[in-house]
Amino acid sequence: MKENPLPCTGLVIAGGAASRMGQNKALLRWRNGNLVQHLVQVILQTVKEIMIVGLDSADLFSDYPVQIVSDDKQNGPLGGILLGLKTMNTDKALVVACDMPFVTESSIKILWEQSENFDVVVPKTPDGLHPLFGIYSKSCIIPIERLLARNNKKIIGFFNEVSCKIFYPETDLESWQK
């Protein structure tokens, strides 16, 4: 971890049942390891603490140097975000899906810089909104709980209930790798 970490928790949303792929995508090979190992290494360079949240996470990720939070409610990525927000020790979280290997320290810092005075900050690029790469505050807990109580698992479904900033980087996410 860096000397001056960002005062937030990194939440790696590590999926669920692998019903579409036949295997957990967090464990897909990437460079010298797998996707989640790579993300953990990148995120540990920037934040105060890190958690992996997902179905059966305790079994899959027990060897990782992070807190593991198993999500047995199967409320999808939104449920994983909620569980992470409720479990973490900081006021804000950097949320990253486990299948985003191009996230960099630079892109995390750029996103963080946008988060002052906002409950949610997510980037929007020419290919759309990226709610699984964002900054979320604990003030999102109650709106997310209300959304899930209505059986709505769409992440952006609560954005109108919190102070939300849609961040438009000048170019696409790949350019953040500088």
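Restricting the first member to segment 138-153 and to residues that are in contact (Cβ under 8 Å) with a residue 60 or more places away in the chain, and the second to residues that are open to solvent by 30 Å² or more (accessible area, probe 1.4 Å), the beta-carbon pairs closer than 8 Å and six or more apart or on different chains are Leu147/Lys153; Leu147/Lys154; Leu148/Asn75; Lys153/Asn75; Lys153/Gly76; Lys153/Pro77.
On the basis of being open to solvent by 50 Å² or more (accessible area, probe 1.4 Å) and either at positive phi or out of contact with any strand residue (DSSP E or B) (no Cβ under 9 Å at 6 or more places or on another chain) (or both), does Gln74 make the cut? Taking the combined requirement at face value, the residue satisfies it.
Is it the case that some residue within segment 94-104 is in contact with a Lys or Arg (Cβ under 6 Å, 6 or more places away or on another chain) and open to solvent by 40 Å² or more (accessible area, probe 1.4 Å)? It would help to see each step written out before you state the result.
To start, the set of residues in segment 94-104 that are in contact with a Lys or Arg (Cβ under 6 Å, 6 or more places away or on another chain) comprises 99.
Now restrict to residues that are open to solvent by 40 Å² or more (accessible area, probe 1.4 Å): 99.
Within segment 94-104, one or more residues are in contact with a Lys or Arg (Cβ under 6 Å, 6 or more places away or on another chain) and open to solvent by 40 Å² or more (accessible area, probe 1.4 Å).
Go through segment 105-121 and give me each residue that's closer than 14 Å to Cys164 by Cβ and either in contact with a helix residue (DSSP H, G or I) (Cβ under 8 Å, 6 or more places away or on another chain) or crowded, with 23+ Cβ neighbours inside 10 Å (or both). The answer is Leu111, Asp119, Val120, Val121. Of everything listed in (1) in contact with a Ser or Thr (Cβ under 9 Å, 6 or more places away or on another chain); (2) open to solvent by 70 Å² or more (accessible area, probe 1.4 Å), the single unmet condition for Ser62 is (1). Ile81 satisfies every condition listed in (1) under 24 Å from Lys154 (Cα atoms); (2) crowded, with 22+ Cβ neighbours inside 10 Å; (3) at pLDDT below 80 except (3).
Among the criteria (1) of a type in the set (Val, Ile, Thr); (2) free of Cβ contacts under 8 Å to residues at least 60 places away in the same chain; (3) surrounded by fewer than 19 Cβ atoms within 10 Å (Cβ to Cβ); (4) closer than 28 Å to Gln37 by Cβ, the one Val162 does not fulfil is (4).
Tally the residues that are in a loop (DSSP other than H, G, I, E, B) and not aliphatic (A, V, I, L, M), restricting the search to segment 72-95. Explain how you work it out, then say what you get.
Just the residues of segment 72-95 that are in a loop (DSSP other than H, G, I, E, B), to begin with: 72-75, 88-91.
This time we only want the ones that are not aliphatic (A, V, I, L, M), so: 72-75, 89-91.
So the count comes out to 7.
Every residue in segment 96-148 that is at pLDDT 90 or above, β-branched (Val, Ile, Thr) and assigned to a strand (DSSP E or B), please. Hits for segment 96-148 are Val96, Val120, Val121, Val122, Ile135.
Can you name every residue in segment 26-43 that is assigned to a helix (DSSP H, G or I) and at pLDDT below 75?
Within segment 26-43, the subset assigned to a helix (DSSP H, G or I) is 26-27, 35-43.
Selection gives Ala26, Leu27.
Confirm whether Glu174 is surrounded by fewer than 18 Cβ atoms within 10 Å (Cβ to Cβ), farther than 19 Å from Ile13 by Cα and modelled with pLDDT under 95. Can you show your working first?
Numbers: surrounded by fewer than 18 Cβ atoms within 10 Å (Cβ to Cβ): yes; farther than 19 Å from Ile13 by Cα: yes; modelled with pLDDT under 95: yes.
So Glu174 passes the test.
The one condition from (1) at pLDDT below 95; (2) open to solvent by 40 Å² or more (accessible area, probe 1.4 Å); (3) aliphatic (A, V, I, L, M) that Ile156 does not meet is (1).
The values are calculated or read from the model by the stated rules, or taken from the named source; none is laboratory data. Just so we're clear, the structure is a prediction, and the values are computed from it rather than from any experiment. In this analysis, Cβ positions are derived from the backbone assuming ideal geometry, glycine residues included, and neighbour counts consider all displayed protein chains. Surface areas here come from the heavy atoms of the whole protein model, side chains and all, with no ligands, DNA or RNA. Shrake-Rupley method; radii C 1.70, N 1.55, O 1.52, S 1.80 Å.
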